[in-house]
Amino acid sequence: MTSNLDTETKSEIHTKEALGVLKQYFTVYKRTNYGKLILLGSIIALGLIGNLMSVFSTDKPHIAVVNINGEIGTETDTGNGKKIASHILSSMNNDDVDLIVIEANSPGGSPTDSQTINEIIVQYKHWGGSTKPGLKERVLKEINNPAALFDGNYKASGFREKNSRKLIVAVITAQCASACVQAIINADVIIAQRASLVGNIGVRLDTLNWSDLAKKVGVTNTTITSAEFKDILNPWNPVNDDQIQIAKKTLVAPVFQQFKDDVLEARSNKLKVDHEVLFSGLAWSGVEAKEIGLVDAISNPVAVQSALEKMSNRQYKVYSKNSFSLNSFIQNPFASIQNL
């Protein structure tokens, strides 16, 4: 029985093999400028060729996979909210996509980035209407069906009907906390592992204050402002309780309310916990998160992939890619080899 777990294209595999050879070459000739120049040129050429091949490669019907990994709000392809949302939008607009999977492993991060991801999902659901009747229920049933893993005669039934939109499935691995929850909360189906960390719904604002240290070492700072609150929470000034309360009211509270509204709009009919507890900043295991209604099912990414691929007769295709970066290569050539 052919495995569906290998989702890399042939071009990616060949690129990795070539990079492995170059890595060995570098080990032998790393002490010569000649070897370094050849390696640098080869890496740049292969990186550019790999990127061009991915641009011009033809699609076939597939399941689109978009990754959220690490802190949300970074400039990485799997951390930047705009890039993640763009991948999701591309999969929504691709007629060769039958299903969208968001694999999430993030401790949280920027609320603006998570809102960008969430809003794309919400807008698509409002525009696209309903999914195929009974599809969510079948997914929840089949992700833990051993036949989806081991039965070679397992029959597919398709994911879409005419005029139905694509189902969006979020799969949480190690953790999905804070901004990550906001990013995926409107997925049609949310799946976590038993030991996943889920929750920590809330907003925090961090600011350093070294005024006591500066006073001890005799360092002073002069700040000239145009208004009373222009230098609010200035780290050179002693902590001011009035300013902290103002920051809570004008910065933290409004963003927190937006977060709460998103969660309640998405899961209000599924939640089985008091709002005071839900929005206390607590985090739960995947099992507990299912009990209180934050997630829909418990499984693991291997079982989910197998079930979805067999149900749809489609394979995973990862939209989140680490493109070749000359700057990254200059800083760490081996990291560039591994990331391509």
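Quick notes on this one:
- Among 300-307, 122-129, sorting by the average number of other beta carbon atoms lying within 10 angstrom of each residue, highest first, gives 300-307, 122-129.
- Gain on full stretching of the segment that runs from Thr222 to Asn144 - 0.36 nm per residue minus C-alpha separation: 21.8 nm
- Cβ crowding within 10 Å averaged over residues, with 62-68, 280-286 ranked highest first: 62-68, 280-286
- For region 167-278, the square roots of the Cα gyration tensor eigenvalues, ordered a ≥ b ≥ c, give a/c of at least 1.5 with a/b greater than b/c, which places it in the prolate category.
- Summary of the geometry: region 63-107 and region 252-276, compared by the centres of their Cα atoms, lie 23 Å apart.
- Cα gyration tensor shape of region 85-221, rounded if a/c is under 1.5, else prolate or oblate by comparing a/b with b/c: prolate
- Three-way shape call for region 258-316 based on the alpha-carbon gyration tensor, with the a/c threshold at 1.5: prolate
- Between Gln257 and Ala214, the simple label model (points 7 Å from Cα in the Cβ direction) yields a spacing of 3.3 nm.
- 5 Å binning of all Cα-Cα separations within region 75-147, expressed as whole percents from 0 upward: 3, 13, 20, 22, 18, 14, 9, 2, 0
- Using the Cβ-Cβ distance between Ile244 and Glu75 with R0 = 30 Å, the FRET efficiency computed as 1/(1 + (r/R0)^6) comes to roughly 0.45.
- Whole-Hz couplings from phi, Karplus 6.51/-1.76/1.60, listed for region 188-193; x for Gly and Pro: 5, 9, 10, 10, 10, 8
- Each residue, Glu17 and Leu205, gets one label point 7 Å from its Cα in the Cβ direction; the gap between the two is 5.6 nm.
Any read-out appearing in this document is the output of simple, stated calculations on the displayed coordinates, not a laboratory observation. This one's a predicted model, so the numbers in the text were calculated from it and none came from an experiment. Quick reminder, even Gly has a Cβ in these numbers, built from the backbone with ideal geometry, and neighbours come from all protein chains shown.
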